[in-house]
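Visitor: There's a structure below that I have some questions on.
The values are calculated or read from the model by the stated rules, or taken from the named source; none is laboratory data. Since we're looking at a predicted model, the values are computed, not measured. Note that we place each Cβ from the backbone using ideal geometry, even for glycine, and neighbour counts take in every protein chain shown.
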Amino acid sequence: MLPNLPPATKILLILNGAVFVAQLLLGSYLFAPLMLWPIGGAEAGGLGFMPWQLLTYGFLHAHMAHLLVNMLALLMFGSQLEYTWGQRRFLIYFLVCVVGAGLCQLVVVSWSLASGGGTYPTVGASGGMFGLLLAFGMLFPHRRVMLLIPPIPMKARTLVIVYGSIELLMGITGTRSGVAHFAHLGGMLFGWLLIQQWRGRPPFGPRLRPRGNVRRF
């Protein structure tokens, strides 16, 4: 299957896998400066935020299941999007979603620190994968997608709505506190904004319509 994948998707799969193997062999503590630390984290007993972390955190994973779920999403949605958009646009989109998810996570964690919460780093490509899910649902809204758990087929548009709603609910209620729910939503938000910008639609390219009785010549 790997030789038939488009180049950018293949590179992302190999890169994420190679980095995870390096984490196992060398120890994750060596990669701590590449994780996404909150602003002001150094004062709270952790490492401090550095700009490059907004990108590098997306290529680190906490455990094998974390990696496998994200890479499965990359296979399912990323390859089709790259075939549709091309390598350059696909990479731009994916990286924007990763950075956007990181920015949203910084806001949430900084607010948590201000409220007396603990400091901890964020890792994983999940924000980028949720961005890919959103794009797939926007480009192919009526395509059927089969869930793994539970094995229920549904339209891609419905899948996006379901997953987005679940992440929002979990984020608000604090369910599964070790998961960066708002980072996932941030990946979807920035992905939507970029697609809207490419399409020239609001909020970037509003189409003004004439009001009242206006004659067109």
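Visitor: Scanning segment 43-70 for residues that are surrounded by 18 or more Cβ atoms within 10 Å (Cβ to Cβ) and more than 19 Å from Gly186 (Cα to Cα), which turns out modelled with the highest pLDDT?
Guide: Leu67
Visitor: Go through (1) modelled with pLDDT of 85 or more; (2) touching a strand residue (DSSP E or B) at 6+ places or on another chain (Cβ under 8 Å); (3) surrounded by fewer than 17 Cβ atoms within 10 Å (Cβ to Cβ) and name the single condition Leu168 misses.
Guide: Evaluating Leu168 over (1) modelled with pLDDT of 85 or more; (2) touching a strand residue (DSSP E or B) at 6+ places or on another chain (Cβ under 8 Å); (3) surrounded by fewer than 17 Cβ atoms within 10 Å (Cβ to Cβ) leaves (2) as the failure.
Visitor: Scan segment 1-38 for residues that are polar (S, T, N, Q) and over 20 Å from the mean Cα position of the chain (by Cα) and jot them down.
Guide: If the condition is that a residue be polar (S, T, N, Q) and over 20 Å from the mean Cα position of the chain (by Cα), then Asn4, Gln23, Ser28 are the ones that fit.
Visitor: A further question on this structure: Could you tell me whether Gly40 is modelled with pLDDT of 95 or more and farther than 24 Å from Leu159 by Cα?
Guide: Numbers: modelled with pLDDT of 95 or more: no; farther than 24 Å from Leu159 by Cα: yes.
Here the answer is no, as Gly40 does not meet what is asked.
Visitor: Within the group Leu139, Leu81, Leu113, which residue is farther than 28 Å from Leu25 by Cβ, out of contact with any Phe, Trp or Tyr (no Cβ under 9 Å at 6 or more places or on another chain) and touching a residue at least 40 places away in the same chain (Cβ under 8 Å)? Reasoning before the result, please.
Guide: Values: Leu139 fails: out of contact with any Phe, Trp or Tyr (no Cβ under 9 Å at 6 or more places or on another chain); Leu81 fails: out of contact with any Phe, Trp or Tyr (no Cβ under 9 Å at 6 or more places or on another chain).
When all the criteria are applied, what remains is Leu113.
Here's the yes/no breakdown for (1) part of a helix (DSSP H, G or I); (2) out of contact with any helix residue (DSSP H, G or I) (no Cβ under 8 Å at 6 or more places or on another chain); (3) among the aliphatic types (A, V, I, L, M):
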position	(1), (2), (3)
Ile11	yes, yes, yes
Asn16	yes, no, no
Phe20	yes, no, no
Leu24	yes, yes, yes
Gly40	no, no, no
Met50	no, no, yes
Gly58	yes, no, no
Met71	yes, no, yes
Tyr93	yes, no, no
